[in-house]
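Working notes, structure below.
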Amino acid sequence: MNADPNPVEGEPLIRPSSTHHPLYVDVVVACRSVYDPEIPVNIYDLGLIYTIDINDENEVRITMSLTAPGCPVAGEMPGWVADAVSSVPGVKQVDVDLVFEPPWGMEMMSDEARLELGFM
């Protein structure tokens, strides 16, 4: 589920999430419990979670990015996300893919994150 640097024409760079899956909301809540230590906003509202894909066996694959490739917690944050999502009842397995294409941008933040950081 990596973001393909050469996607098929017409295919989105960020794949859609499994919003229809019964565990989706709980997985989002778990993602919102993880914070970038340098920014007082959770990683979901920052727009760092690109895709939450949940299959019929309740296996979760998350595609995420960081605010910058040189982020000091780059090696740790995917594990924090996996730990948070693994604690959701019903989740069988969690894989987190860290990608930098497309690159994260401030336009990916939720309105709540923009407000919290003083951009609105």
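The values are calculated or read from the model by the stated rules, or taken from the named source; none is laboratory data. Note that this is a predicted model, so its numbers are computed, not measured. Virtual Cβ from ideal backbone geometry, glycine too; neighbours counted across all protein chains shown.
For segment 53-75, give me each residue that is closer than 23 Å to Gly105 by Cα, crowded, with 16+ Cβ neighbours inside 10 Å and in contact with a Leu (Cβ under 9 Å, 6 or more places away or on another chain).
Thr63, Met64, Ser65, Leu66, Thr67
Looking at (1) loosely packed, with under 14 Cβ neighbours inside 10 Å; (2) among the small types (Gly, Ala, Ser); (3) under 17 Å from Ile43 (Cα atoms); (4) in contact (Cβ under 8 Å) with a residue 60 or more places away in the chain, which is the one condition that is false for Gly118?
Single failed check for Gly118: (4).
State the number of residues belonging to segment 99-115 that are crowded, with 18+ Cβ neighbours inside 10 Å and closer than 29 Å to Glu57 by Cβ.
1
For segment 89-96, check the following and say yes or no: at least one residue is modelled with pLDDT of 95 or more, within 20 Å of Gly47 (Cβ to Cβ) and in contact with a Pro (Cβ under 6 Å, 6 or more places away or on another chain).
yes
How many of the residues making up segment 32-73 are part of a loop (DSSP other than H, G, I, E, B), over 13 Å from the mean Cα position of the chain (by Cα), of a type outside the set (Val, Ile, Thr) and at negative phi?
11
Residue by residue, here is whether (1) within 18 Å of Asp26 (Cα to Cα); (2) of a type outside the set (Asp, Glu); (3) touching a residue at least 12 places away in the same chain (Cβ under 8 Å) holds:
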residue: Gly70; (1), (2), (3): no, yes, no
residue: Ala74; (1), (2), (3): no, yes, yes
residue: Ala84; (1), (2), (3): yes, yes, yes
residue: Pro103; (1), (2), (3): no, yes, yes
residue: Met108; (1), (2), (3): no, yes, yes
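All but one of (1) at pLDDT below 90; (2) closer than 17 Å to Pro16 by Cβ hold for Thr67, so report the exception by its number.
(2)
Tell me the residue from Pro78, Pro89 that is part of a helix (DSSP H, G or I) and either surrounded by 13 or more Cβ atoms within 10 Å (Cβ to Cβ) or in contact (Cβ under 8 Å) with a residue 40 or more places away in the chain (or both), please.
Sole residue among the options that is part of a helix (DSSP H, G or I) and either surrounded by 13 or more Cβ atoms within 10 Å (Cβ to Cβ) or in contact (Cβ under 8 Å) with a residue 40 or more places away in the chain (or both): Pro78.
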